[in-house]
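Notes for the one structure printed next.
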Amino acid sequence: MTTPTTTELFRDFVMPTYGRFDLELVRGEGTRVWDETGKEYLDFGAGIAVCSLGHCHPAVTKAIADQAATLIHISNLYRNRSQGELARRIVEIVGLGGKVFFCNSGAEANEGLYKLARKFGAPTGRYEIITFANSFHGRTLGGISATAQEKVKIGFAPLVEGFKHVPFNDLAALEAAIAPTTAAILLEPIQGEGGINPATAEFLRGVRALCDRHNLLLFFDEIQCGLGRTGDWCAWRSIVSQGVEPDAVSWAKGIANGYPLGAFWVAERDAGLDDEGTDRGPLCNLLGPGTHGTTYGGSPLCSMVGLTVLSTIEQERLLENARKMGFYLRSSLESLNLAAIRQVKGIGLMLGIELNDLPAKESDSSTPALRMTKELMREGMLVIPSGERTIRLLPPLNIIKADADEALSILNACLRASADPES
């Protein structure tokens with residue numbers, strides 16, 4: 001009996017829920033990964049903004065090994081010190097008081113926000129959440145209902161009711177959509193899956209003002225853009241430094257460098273009155289015992305890894321590095337003046353290269369983003385497509401100039417060659 005290849009194992013035993021690239025990765029170190037043939041790749045996808053410290057960072061490896069040898073899991077019926085310490089660190093990062101709930105993924109973190117909005121609005125019959133065109137909020141039934149992209153909804157009707165979609169960065173459309181049933185507004189300060197689209201400072205200020213005027217909750221989905229990727233702990237502060245304070249924020253991806261962990265923070269603001277006119281106390285206490293839970297979230301192991309990642313980002317001054325390297329990459333790409341590039345978007349190390357239409361090739365009639373992703377992969381560089389014409393650069397926050405220069409060299413060569421249909 002012959003040993004099946006990895007491709008054969010996936011074909012025969014793994015559900016086909018992903019459009020996978022023809023690549024089997026076996027090892028990683030820093031900004032590099034290697035496939036089964038030994039070929040090396042410069043990884044500017046980082047697990048889709050997950051590996052903030054790169055692959056196999058020594059501090060993360062040690063934290064996992066040490067904690068695994070001490071205590072991996074206990075029920076959330078009990079307390080564990082590392083969960084409390086991680087919650088305190090996140091509250092300090094936000095700087096607005098409040099409390100944190102831990103889960104396993106970004107989709108789960110957003111599910112907590114949906115429940116918070118409904119709990120908040122229940123006494124007055126409000127339950128609706130407004131989200132924005134080209135958003136992405138996860139693959140659960142609630143997540144695809146919240147996501148304003150029709151392609152993720154196909155085949156899953158009836159969807160969860162209570163979500164309304166309006167154009168992004170359009171305050172007039174948002175104000176017109178607010179109804180007596182509206183409870184909250186949910187947005188990504190920088191849309192990741194939708195093409196690397198940052199909110200404007202004017203928009204964020206306007207959304208906060210509308211929430212204040214109508215007593216709505218303001219939620220930020222920072223699952224992809226948060227915790228250092230933009231050069232700030234909180235991505236919205238890379239857009240507007242003051243005057244905008246959310247009521248809740250969701251995170252995942254880069255929080256634990258690949259170990260499954262999600263979280264959402266909730267502010268201390270007053271939650272209002274219940275059905276009987278009794279003060280419900282602070283919003284961060286609204287989801288009380290029996291209203292929300294998880295089996296694995298906030299375990300000793302994942303909490304210790306999260307603490308290690310956040311402390312390493314701080315110790316290695318990676319916020320500053322993300323700003324510096326992000327500026328260098330963006331300005332260098334813009335200075336290339338390539339016909340293939342429509343624009344470079346994003347903040348820090350969350351960058352998108354929006355492509356013009358590329359000359360057709362008989363061998364590949366896919367979208368510009370997918371085609372360029374595959375061409376870069378052939379040249380030894382991994383990026384992530386976003387929509388039909390944007391490729392994302394999401395490298396580890398600790399990249400050095402040599403990594404950036406190598407990436408720019410590969411991008412320059414591939415983008416120039418893409419203008420020639422015979423290349």
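Here, each number is a calculation from the coordinates, and none is a lab measurement. Quantities reported herein were computed from a predicted structural model and do not represent experimental measurements. Virtual Cβ from ideal backbone geometry, glycine too; neighbours counted across all protein chains shown.
At-a-glance table
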| quantity | calculated |
| --- | --- |
| Contact order relative to length of the stretch 71-315, as percent, for alpha carbon pairs under 8 angstrom and 6 or more apart | 27 |
| Pairwise centroid distance, computed over Cα atoms, of the stretch 13-36 with the stretch 319-369, Å | 23 |
| Rounded Å value of the spacing that divides the Cα centres of the stretch 111-144 and the stretch 250-279 | 13 |
| Of the DSSP H helices in the chain, those whose Cα atoms cover at least 18 Å axially and whose Kyte score averages 0.5 or more | 300-315 |
| Radius 15 Å from Cβ of Val60, net charge of other residues (Lys, Arg +1; Asp, Glu -1) | -2 |
| Residues of the stretch 285-324 with amide N under 19 Å of the 7 Å Cα→Cβ point at Ala402 | 321-322 |
| Proximal charge balance of Lys164 [Cβ under 13 Å; K/R count +1, D/E count -1] | -2 |
| Relative contact order, percent, the stretch 28-143 [alpha-carbon distance under 8 Å, six or more residues apart] | 15 |
| At R0 = 22 Å, FRET efficiency that the Cβ-Cβ distance of Lys374 and Ala413 yields, to 0.05 | 0.90 |
| Chymotrypsin sites (Phe, Trp or Tyr not before Pro) within the stretch 44-151, DSSP loop, no more than 12 other Cβ atoms inside 10 Å | Tyr78 |
| Rg/Rg_ref, the stretch 308-359, where Rg_ref = 2.2 N^0.38 Å and atoms are Cα | 1.45 |
| For the chain, with +1 on Lys and Arg beta carbons and -1 on Asp and Glu, the positive-most of Thr294, Val344, Tyr18 along the dipole | Thr294 |
| Contour excess over end-to-end distance, with Cα ends at Trp34 and Arg237 and 0.36 nm allotted per residue | 69.5 nm |
| Percent of beta bridges antiparallel (DSSP, the chain, rounded to nearest 5) | 65 |
| Euclidean distance between Cα centres, the stretch 147-216 to the stretch 219-237, Å | 17 |
| Kirkwood Rh (inverse of mean 1/r, distinct Cα pairs), the chain, angstrom | 22.5 |
| Charged-residue dipole, Cβ positions (Lys, Arg, Asp, Glu), the stretch 71-315 about Cα centre, Debye nearest 20 | 460 |
| Computed FRET value (nearest 0.05) for Arg213 with Leu273, which takes r as the C-beta separation and R₀ as 25 Å | 0.85 |
| Prolate/oblate/rounded call for the stretch 71-315, Cα gyration tensor, a/c under 1.5 rounded | rounded |
